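Report on the following structure.
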Amino acid sequence: MSPVGFVWANLHRRPVRTYLTLCSVLIAFSLFVLLRTLAVVFVGGNDLASGSRLVVSGKYSIIDSLPISQQRAIAQVDGVDAVTHQTWFGGNYQDPRNFFPKYPVEPRAHFDMYPESVIAPEVLEAFARTRTGAVAPAELAAKFGWEAGDKIPIEADIWPMRDGNRRWEFDLVGTYTFKDEDGAQPVFLFNHDYFAEATGIRGIVGWYMVRIAEPQRAGEIAKAIDALFEHSMNPTKTATEDEYSRAFAQQVGDLGLMANSILSAVFFTILLLTAVVMHRAFRERVPELAVLKTLGFSDGRVALLVLGESLLLCLFGGLLGICSAFVLTPVVALFLEFLRLDFELHWPTVGSGLGIALALGLVVGVPPAVAARRLTIAEALRRN
Amino acid sequence: MESIIDLTDVHKSFVKGSEVVEVLKGIDLAIGKGEFVALMGPSGSGKTTLLNLVGGIDRATAGDVVVAGEDIGGLSSGDLAKWRAANIGFVFQFYNLLPVLNAERNVELPLLLTKLSAKERRRNAATALQVVGLADRARHKPGELSGGQQQRVAIARAIVADAPILVCDEPTGDLDRETADEILDLLDILSRDHGKTIVMVTHDPKAASHAKRVARLDKGRLTQEAA
Ligand SMILES: Nc1ncnc2c1ncn2[C@@H]1O[C@H](COP(=O)(O)OP(=O)(O)O)[C@@H](O)[C@H]1O
Ligand SMILES: [Mg+2]
């Protein structure tokens, strides 16, 4: 029998009580790891790009154009990561029934803004360098049988060229795809520089796309942007990419908060429960602890044995909880697949779980350990 | 005869609320090496209190307590614990075994304080159980043993670390006549064959007759007589 074996044996004095406590600790830590990981996944997930983008458009109508000078000002706003712009081009390809949106954009900034749009680096490079270059979603190109190098004629309705010519011609340099085809918006993209030059209308864009680092701050940042232009000639209205993602971003913030409040409640309960259990275990064993001292166990050693019980219970329970979180991860991941979230255990969370287990063991174990240390043999034995 | 226990003018008082109760009022007691002494006296006369002083689990209010060559009044609580581990084996009326451990592990317990390896600890525990005749009950927990068997385990625990002095507080107080006699025979053997010094508190004149000497405690003072 080792000292740890002795501590372990003492925990089995009332096996039902010990195992019930162990189970509660296990569940608490399993919950801790899963909920914290969930919060991390939701708040930090890259796939939530749509929740982290804002659209800045004209205040009174989205058709109103905005001056390009606003781009710089928006980029300065606290919390803004990147800004680019898009413009509604309209126009028809061969027949008005072949409708697809067409935007003049800043090539590099555009693909930087939309990580869910995938483009080969050399295609992006060619797109950026070719004045009349354009890229199309692969599906759209397939539909019309376009290939890289083709000239794509577009009949303008809103934007004739400076000389009155309505027939634009773009050089298709390649295609791009979407990481996830569902909900992707296929847009025919061409160079804004060419657009500005050909129309002779410089310094005007349709709207801005703004990327922010913290989706939960969307509301605050949107207000800050609109405040910039409130009294200008071109007041703006900023919203998250769509109402759904605004609501979603809100919920993401709430989820982190919710996870934390659930966990605080759970841990508070666990703390009380284990504290009561360990206190009872101590009270019941006062004569036994006195016997240990009689046998020559020092005050410090007896205190350590008592503390060891709480530590063992909490660390073992915590470890089991974390292990069961590992086991449950695939199950949770299965559910989250519907939300297109990758659910993987987050190691720092596992680490802090162990830290909390250790702290719990100490908080719960120190008071009975101190009491055990102070026990005087003769008096404790008389209580027998 | 060389004495192993030497008490000189020992006083012990307890504070009960605002009252100070003097339980031992000047005890002089010398016990020789290998002696078997019975301590008798009415209930509440201070027998347990005196035994606790001899065993180093309580401290005298005044006077000298020299046991196994050590003036234990001067030891720190840590040193006193070490001293107890090395010199004293305790046997209580209600056995005071740890219910979660089986017989062998109860006996092994004092050896956790030594430098012995796990293997040596188990071997010594097994030997001690053999001495008390309980080798075949090594795996039983106290709850699965009779009172007499539990007291044997307690005695094995008291001798396993080879303490020269056994301090027994009414060791047969909870046992029937026949079982009590078996325990007393065991103490005889330990005294005679193993050279243990034994101080035993008892109410039972038949138990006291096993001792070579009987000390009587009454109203905080000691009177002695040969058995
Ligand atoms: N720790 C203590 N605090 C207060 N009184 C005590 C304490 N220990 C013993 N006493 C008192 O000392 C007296 C003798 O007790 P004890 O030695 O247990 O007697 P015995 O063992 O002879 O029956 C009793 O009156 C008891 O109440
Ligand atoms: Mg007594």
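Packing here is the average count of other Cβ atoms within 10 Å per residue, and on that basis the peptides B:164-175, A:224-235, highest first, run B:164-175, A:224-235. Each part reduced to its alpha carbon centroid, the stretch A:215-238 and the stretch A:5-21 end up 61 Å apart. Amide H contacts for B:A30 (H built 1.01 Å from N in the peptide plane; partners 5 or more residues away or on another chain; cut-off under 5 Å): B:L7. When the Cα positions of A:T175, A:L228, A:T130 are compared along the charge dipole of the stretch A:48-252, A:L228 comes out farthest toward the positive end, with charges on each C-beta of Lys, Arg, Asp and Glu.
Nearest 0.05, what FRET efficiency do B:K115 and A:A371 give at R0 = 35 Å with Cβ-Cβ as r?
FRET efficiency, B:K115 to A:A371: 0.75.
Note on the stretch B:25-92: dipole from Cβ charges, positive end direction compared against B:G56, B:F90, B:G34; the farthest Cα belongs to B:F90. Mind checking which lysines have their Cα closer than 21 Å to the Cα of A:K223? Skip sequence neighbours fewer than 8 apart in that chain. Candidates past the 8-residue exclusion: A:K59, A:K237. For peptide B:107-113, the mean count of partner chain Cβ atoms within 10 Å of a residue's Cβ comes to 5.
Restricted to Cα atoms, the stretch A:48-252 shows a radius of gyration and a Dmax of 17.1, 51 angstrom.
Can you give the calculated 222 nm mean residue ellipticity of the protein assembly as shown, where each DSSP H run of n ≥ 4 adds -39,500 (n - 2.57) and the sum is split over every residue, rounded to the nearest 500 deg cm²/dmol? Taking each H run of at least 4 residues, the total per residue is -15000 deg cm²/dmol. Using 13 Å as the cut-off for backbone N distance, which residues of the stretch B:24-65 belong to the label zone defined by a point 7 Å from the Cα of B:S3 along Cα→Cβ? Only B:27-33, B:64-65 pass the distance filter. Of the chymotrypsin sites (Phe, Trp or Tyr not before Pro) in the stretch A:294-384, not one is in a loop by DSSP (not H, G, I, E or B) with at most 15 other beta carbons within 10 Å.
Shown here for the stretch B:128-204: trypsin sites (Lys or Arg not before Pro) in loop regions (DSSP other than H, G, I, E, B) with at most 15 other Cβ atoms within 10 Å, namely B:R139. If R0 is 22 Å, the Cβ-Cβ spacing of A:F326 and A:L273 corresponds to a FRET efficiency of close to 0.35. Sorting B:L80, B:L129 from the fewest to the most surrounding beta carbons within 10 angstrom yields B:L80, B:L129.
With a 10 Å cut-off around each Cβ of A:206-215, the average count of Cβ atoms from other chains is 0. Relative intensity of chain B on a log10 scale, I(q)/I(0) at q = 0.09, 0.13, 0.18 Å⁻¹, equals -0.36, -0.75, -1.36, per a Debye sum over C-alpha point scatterers of equal strength in the absence of solvent.
Straightening the chain between A:N260 and A:W88 buys 57.6 nm, computed as 0.36 nm per residue apart minus the Cα-Cα spacing.
Return the subset of B:K33/B:K206; A:K143/A:K179; B:K82/B:K219; B:K141/B:K212 for which the Cα-Cα distance in this structure is over 30 Å, preserving the input order.
Too far apart for the 30 Å limit: B:K82/B:K219; B:K141/B:K212.
Overall, the protein assembly as shown carries a charge dipole of about 1860 debye about its Cα centre when +1 sits on the Cβ of Lys and Arg and -1 on the Cβ of Asp and Glu, all other atoms neutral.
Which GluC sites (Glu not before Pro) in the stretch A:294-384 pass both tests, a DSSP loop state and at most 16 other beta-carbon atoms within 10 Å? Loop-located and lightly packed - A:E344.
Extension gain B:K206-B:D185, at 0.36 nm per residue separation less the Cα-Cα distance, in nm?
Full extension of this stretch gives 6.4 nm more.
Distance between the C-alpha centres of the stretch B:1-65 and the stretch A:142-193: 106 Å, rounded to the whole angstrom. Measure out, as a whole number of angstrom, how far apart the alpha-carbon centroids of the stretch B:151-227 and the stretch A:343-358 sit. That distance is 58 Å. If only the Cβ of Lys and Arg carry +1 and only the Cβ of Asp and Glu carry -1, the dipole of the stretch A:262-345 around its Cα centre is close to 360 debye. Within chain A, the whole DSSP H helices whose Cα atoms reach 18 Å or more along their own axis and whose mean Kyte-Doolittle score is at least 0.0 are A:15-44, A:243-284, A:299-336, A:347-374.
Values in this text are rule-based calculations from the coordinates and carry no lab data. The structure displayed is predicted, hence computed values, not measured ones. Neighbour counts are summed over all protein chains in view; Cβ atoms, including those assigned to glycine, are modelled from backbone coordinates with ideal geometry.
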